[in-house]
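Derivation of every value follows stated rules applied to the coordinates shown; laboratory data play no part. The model shown is predicted, which means the values in this text are computed figures rather than measured ones. Note that we place each Cβ from the backbone using ideal geometry, even for glycine, and neighbour counts take in every protein chain shown.
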Amino acid sequence: MSCLSCVSGNQAEFSAEINIHLPSFKKQGNKDSVLVFPKVLVCADCGYTQFALEESELRLLGTPTAA
Ligand SMILES: [Zn+2]
């Protein structure tokens, strides 16, 4: 798979933790962020990074899913 930004094949995968801040209208009680642990695919040439969240993480964001 090549980079979606610069088409380089020079990419590497890393484990990560990302704290996603919820907009005020999606806050649940006093919780204003969701910590997720995706694998991130980083382009070593341009820095473009992509990752996907698990379905359980999507639910924590209050994001409607197709399923
Ligand atoms: Zn790139």
query: Which is farthest toward the positive dipole end of the chain among Q11, V40, S56, measuring Cα position about the Cα centre, with Cβ charges +1 (Lys, Arg) and -1 (Asp, Glu)?
result: S56
- request: Work out the length of the dipole vector of the chain about its Cα centre, built from +1 on the beta-carbon of each Lys and Arg and -1 on the beta-carbon of each Asp and Glu, and round it to the nearest 20 debye.
  value: 280
- prompt: Using 7 Å Cα-to-Cβ label points, what is the H21/D45 separation (nm, one decimal)?
  reply: 3.3
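Diagonalise the Cα gyration tensor of the chain and give the resulting equivalent ellipsoid semi-axes, square root of 5 times each eigenvalue, largest first, whole Å. It would help to have the intermediate numbers written out before the result.
Details: eigenvalues 161, 31, 22 Å².
Values for the chain, descending: 28, 12, 10 Å.
Using 0.36 nm times the number of residues separating R59 and S33, minus their current alpha carbon distance, what extension gain do you get? Could the numbers behind the result be given before it?
Details: separation 26, 0.36 × 26 = 9.36 nm, distance 1.28 nm.
Contour length minus Cα-Cα distance gives 8.1 nm.
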